[in-house]
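This report refers to the structure that appears directly beneath it.
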Amino acid sequence: MTVVYPAVFTPLKEGGYMVYLPDWENNTQGEDLADAIAMARDAIGILCIVREEDGEPLPTPSLSIQHEAGEIVSFVDVDLTAYRRSLEKSSQSVSA
């Protein structure tokens, strides 16, 4: 199952981007835009899996996001099946 959620990318003065995930009321950040997108994808993946494991519904993605001038709003997709598989692989390699 693939999910898609909006993310607001705010350029930081010291470099990199702060990422706000409004549907999750969660923040992350990255060293550059590509890293910030990867971190957003990781955060969404973790949040979704935790909700699923707790039997809670996932939030409905917002389609309209308020943001400030200079911020970038984009949608970030996560293939939860592949993400869960990657977590299982990394936990197996740690325990080996």
Segment 37-56 - residue that is over 9 Å from the mean Cα position of the chain (by Cα) and in a helix (DSSP H, G or I) and, of those, nearest to ALA7 (Cα to Cα): CYS48
Residues located in segment 44-80, provided they are surrounded by fewer than 11 Cβ atoms within 10 Å (Cβ to Cβ) and out of contact with any Ser or Thr (no Cβ under 8 Å at 6 or more places or on another chain): VAL50, GLU53, ASP54, GLY55, GLU56, PRO57, THR60, LEU63, SER64, GLN66, ALA69
Where a residue in segment 22-47 is in contact (Cβ under 8 Å) with a residue 60 or more places away in the chain and its partner, wherever it lies, is open to solvent by 30 Å² or more (accessible area, probe 1.4 Å), with Cβ under 6 Å and at least six apart: none
Filter pass, THR28 being in contact with a helix residue (DSSP H, G or I) (Cβ under 6 Å, 6 or more places away or on another chain) and either on the phi < 0 side of the Ramachandran plot or surrounded by 10 or more Cβ atoms within 10 Å (Cβ to Cβ) (or both): yes
Residue count, segment 6-25 (criterion: over 8 Å from the mean Cα position of the chain (by Cα) and either under 14 Å from SER62 (Cα atoms) or outside any strand (DSSP E or B) (or both)): 12
Residue within segment 57-65 that is part of a helix (DSSP H, G or I) and either touching a strand residue (DSSP E or B) at 6+ places or on another chain (Cβ under 9 Å) or within 22 Å of MET1 (Cα to Cα) (or both) present: no
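The values are calculated or read from the model by the stated rules, or taken from the named source; none is laboratory data. Keep in mind it's a predicted model, so treat the numbers as computed, not measured. Virtual Cβ from ideal backbone geometry, glycine too; neighbours counted across all protein chains shown. Just so you know, the surface numbers come from the protein's heavy atoms only, side chains and all, with ligands and any DNA or RNA stripped out. Shrake-Rupley method; radii C 1.70, N 1.55, O 1.52, S 1.80 Å.
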